[in-house]
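Have a look at the structure below before the remarks.
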Amino acid sequence: MAVPKLKERTLCELSQIKVRYSLGPSRRKPHLEILVIHYTGVYPPGSAGNDDAQYMKAMAKAGVAAFEPWGVIHDLSDLTYEWGDRLDIAFVGPEDDAKASELLGAVFGTSNPPLAGQAAVVVGPQCEEAVRTLLLGENSQEPIEKAGYVFRLLERAWEFVESQIK
């Protein structure tokens with residue numbers, strides 16, 4: 001049986017959003033690194049943004065796999081986002097790879113500090129309201145801080161991730 005004609009694909013064709021990564025040491029335990037994933041561009045409204053959400057999720061998972069951070073911050077401060085139901089799938093953290101890490105530790109007898117359980121999200125003026133209603137509900141009047149892991153300042157998000165260090 002012949003292989004059907006293959007079409008080459010790239011992740012970049014899914015989205016015009018740009019993704020950059022930055023790493024920094026925790027102030028509490030400098031050997032633990034925190035990954036900041038910066039997103040810039042325009043997230044298309046509604047279901048037109050589904051591919052963008054999938055792309056952002058793939059790039060976040062790639063960053064976590066490549067850099068093996070202790071914690072993660074998703075920086076949306078330069079992202080324009082009006083509405084859409086899938087953006088939150090991109091908010092992955094190191095816990096996504098935690099099971100593999102635990103298995104390796106059990107097999108090889110290594111012990112690492114537990115990974116941060118919750119990634120943080122930083123919003124800017126071009127996405128704050130849409131992220132608020134995405135996470136808290138379309139009719140919610142609650143402030144964005146009610147989500148517990150969303151912040152307007154990178155410094156606050158960093159403090160939140162560091163607060164998970166045991």
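Just a few scattered comments:
- Directionally averaged shadow of the range 15-162, computed from the convex hull of its alpha-carbon atoms, nm²: 8.7
- With both labels modelled 7 Å from their Cα along Cα-to-Cβ, the residue 61 to residue 29 distance reads 2.7 nm.
- Neighbour-count order for 152, 86, 9, fewest beta carbons within 10 angstrom listed first: 9, 152, 86
- The distance between label points at residue 118 and residue 50 comes to 3.0 nm (points 7 Å beyond Cα on the Cα→Cβ vector).
- Projected label points at residue 40 and residue 88, each 7 Å from Cα along the beta carbon direction, are separated by 2.8 nanometres.
- One decimal place: the segment residue 138-residue 20 gains 39.5 nm when fully extended, by the rule 0.36 nm per residue minus the C-alpha distance.
- Pairs of lysines in the range 15-162 (C-alpha under 20 Å apart; 8 or more residues apart or interchain): 4
- For residue 72, distant residues with modelled amide H under 5 Å away: 35, 120
- Magnitude of the charge dipole, the chain, Cβ model with Lys/Arg +1 and Asp/Glu -1, debye to 20: 420
- Ranking of 11, 6 by count of other Cβ atoms within 10 Å, fewest first: 6, 11
- By DSSP, the beta bridges lying fully in the chain are antiparallel in about 35 percent of cases.
- Theoretical FRET efficiency, 1/(1+(r/R0)^6), r = Cβ-Cβ of residue 126 and residue 5, R0 45 Å, to 0.05: 0.60
- Of the residues 45, 3, 150, the one whose Cα sits farthest toward the positive end of the charge dipole of the chain, with +1 on the Cβ of Lys and Arg and -1 on the Cβ of Asp and Glu, is 3.
Here, each number is a calculation from the coordinates, and none is a lab measurement. Nothing here was measured: the structure is a model prediction, and the numbers come from that model. In this analysis, Cβ positions are derived from the backbone assuming ideal geometry, glycine residues included, and neighbour counts consider all displayed protein chains.
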